[in-house]
Amino acid sequence: MKVAIYSRKSRDNGNGKEETLFNQSSSLKSYAEKKGYTYDLFEEVESSLNERPELTKVQLGIEQGLYNRIIIVHVDRLGRNISILSTIAKLCLTHNVMIETPETVYDMKDPSTKMMFGFQSVIAEAEMDNIRDRLAKGKYNTVAERGRHLVSVAPLGYSYDKNDKKLHVNPDQAPIVRKIVELALSGYSTRIIAEKVNQLGYKTAQGSFFKGDSIQRILKRRTYLGEGFYNSKRLGKSATAKDCHEPLITEEDFNTIQTLLKSRICKQNTKSLGIKSPLNKLLVCGKCGGGLTIQKNNKVSKDKQKDLSFYQVRPCHHHINEYTHCDNGGIKIGKLEKIVFEAIKDKKDSIKKELQRLLKNDVSGTKSRMESNLLNIKKELLNQDNQLDKLLNLYLKEKVSEEVYDTKSATIKEVKENLKSEIELLEYQLEKLDVSSQLTKVDKVIHLIDNFHEMAIEDQQATLRLLIEKVVLTKPKGQLKSSDTKVEIHFREL
Ligand SMILES: [Zn+2]
């Protein structure tokens, strides 16, 4: 006998929609696995018409005797409307099906459970709004005021300790996360990273193979910075808590990886897996700004004896408006590669010059000025924190009203945000001034360029993504001289 896992996200959830549904499903899946259930998963995205096709499937399955349990996060996931709930309750009673949440099992035959289910349904209808408000406020305060992380399921690399209610580094899994970070910093795409860690025999927290999107989720997760985060659409605000647990990635590496992830220009180009060019996914149309794809041109000689096929950048066909397509032309990929490789060689020379300049240049004066400036701003930030504490105390002792507290704390928080971004900027500039760290980076890049032609294609791709943000191709239509073709290479800041 199987169980039916039913998860639903409602329409009014705004951002983070997928995350919510994903969390619901994945925690229910691991719950079912722990219990040894085999399951079918039903994921509902509530439509504007309030229809629930997935729930209907569950009901049909129950009528056909396929399931003996419905697994849900909370009764209210079935619906907050009494008529839906009582229909399902009746169905469950007739077919001897239990409704199970991670907290409770509802057996409809048990009169007390039936009553409780009814009671909870009534709560779902009448008071859920209030309860949810209180829950949201409680969660928000846990993160914002007490600086704690709200843990539901420990992400890969951590274990959850029930006693101190914190995440702790899981020594078996943390190396996997570190490896993924290391590969991402080398510029590999999420798909290649998944391949590589699978080859190393690593598995996800659920014990399955990694895929591009699971890698992507890991790399975007701020939990690995040691942060706790809570976003409440209900309250219209979000809270972040720092230093909740030991981080597995540094802020700097995290930011670098976000930039690299964003730079995947042509995301929809999934058919390009077999494309043998390191320029793949770096190409942008100079006329409309859309991503350009690479395709095979299956040319055959006139006598049909010789295969003259070649790879080319496909002429751009993006819609400019309802009626017109972009008419930017294509180019043989070999030609474009030559141009880019030449540019990289030139880039190497200019990097070397930069290196010499760095070695000669004495930046110690500027550095100490910036450092004392940074120290002052950090003191000021501490000062603002103290003010916020004092204000909270006054509010708790009921010496100031909620209104005063809200306005004043909002002002302080705004000042704090400004100070924080100034600190970030200064730290970034200081780091750029740090000759030794800059030298290491430059050395690494020169090494990569020197070995470029001996690398495997995915390593070449990774190297180009580290060096180049995008390659913009502009080629007027028609029989024109090749000198009319314009190739702009946008290098990244090192
Ligand atoms: Zn275009």
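Extension gain, LEU93-SER26: 0.36 nm per intervening residue step, less the Cα-Cα distance, totals 21.4 nm.
Computed over the range 364-430, the Cα gyration tensor eigenvalues convert (square root of 5λ each) into semi-axes of 32, 11, 6 Å, ordered from largest to smallest. Helix 251-262 axis versus longest C-alpha principal axis of the chain: approximately 80°, rounded to the nearest ten.
Which net charge results for the neighbourhood of PRO53, defined as the other residues with beta-carbon distances under 12 angstrom from its beta-carbon, given Lys and Arg at +1 and Asp and Glu at -1? With Lys, Arg at +1 and Asp, Glu at -1, the net is -2. Please tell me the relative contact order of the range 146-262 in percent, rounded to the nearest whole number, where contacts are Cα pairs under 8 Å and at least six residues apart. After rounding, I find 27 percent. For the chain, a crude dipole built from +1 on the beta carbon of Lys and Arg and -1 on the beta carbon of Asp and Glu, taken about the Cα centre, is about 1520 debye to the nearest 20.
Across the options ILE423, VAL404, LEU374, the greatest Cα extent toward the positive end of the charge dipole of the range 364-430 (unit charges at beta carbon of Lys, Arg, Asp, Glu) belongs to LEU374.
With just the Cα atoms defining each centre, how far is the range 223-257 from the range 383-401? Give it in Å. Centre-to-centre (Cα) distance: 25 Å. Computed from Cα atoms, the angle from the helix 190-199 axis to the main principal axis of the chain rounds to 80 degrees. For the range 132-176, the Cα-based Rg and Dmax, in that order, read 12.8, 39 Å. Ligands, DNA and RNA left out, the 1.4 Å accessible surface of the chain is 50% carbon and sulfur atoms. How far is helix 435-450 tilted off the main Cα axis of the chain, in degrees rounded to 10, range 0 to 90? Tilt of helix 435-450: around 70 degrees. Summed over the residues of the chain and divided among them, the accessible surface reaches 59 Å² per residue at a probe radius of 1.4 Å. Relative contact order (percent) for the chain, with alpha-carbon contacts under 8 angstrom and 6 or more residues of separation? Value for the chain: 10 percent. Over the chain, DSSP H runs of length four or greater, each weighted -39,500 (n - 2.57), average out per residue to a 222 nm ellipticity of -16000 deg cm²/dmol.
Across the range 146-262, the volume of the C-alpha convex hull divided among the residues equals 118 Å³ per residue. Annotation: peptides 278-285, 307-314, 185-192, ranked by per-residue average of other Cβ atoms within 10 Å with the highest first, follow the order 278-285, 185-192, 307-314. Largest first, the extents of the alpha carbon coordinates of the chain on the three principal axes equal 84, 73, 49 Å.
The values are calculated or read from the model by the stated rules, or taken from the named source; none is laboratory data. Keep in mind that what you see is a predicted model, and the values were worked out from it rather than measured. A quick note on method: Cβ atoms are made from the backbone with ideal geometry, for glycine too, and the neighbour counts reach across all protein chains shown. Keep in mind that these areas ignore ligands, DNA and RNA; they rest on the heavy atoms of the full protein, side chains included. Shrake-Rupley method; radii C 1.70, N 1.55, O 1.52, S 1.80 Å.
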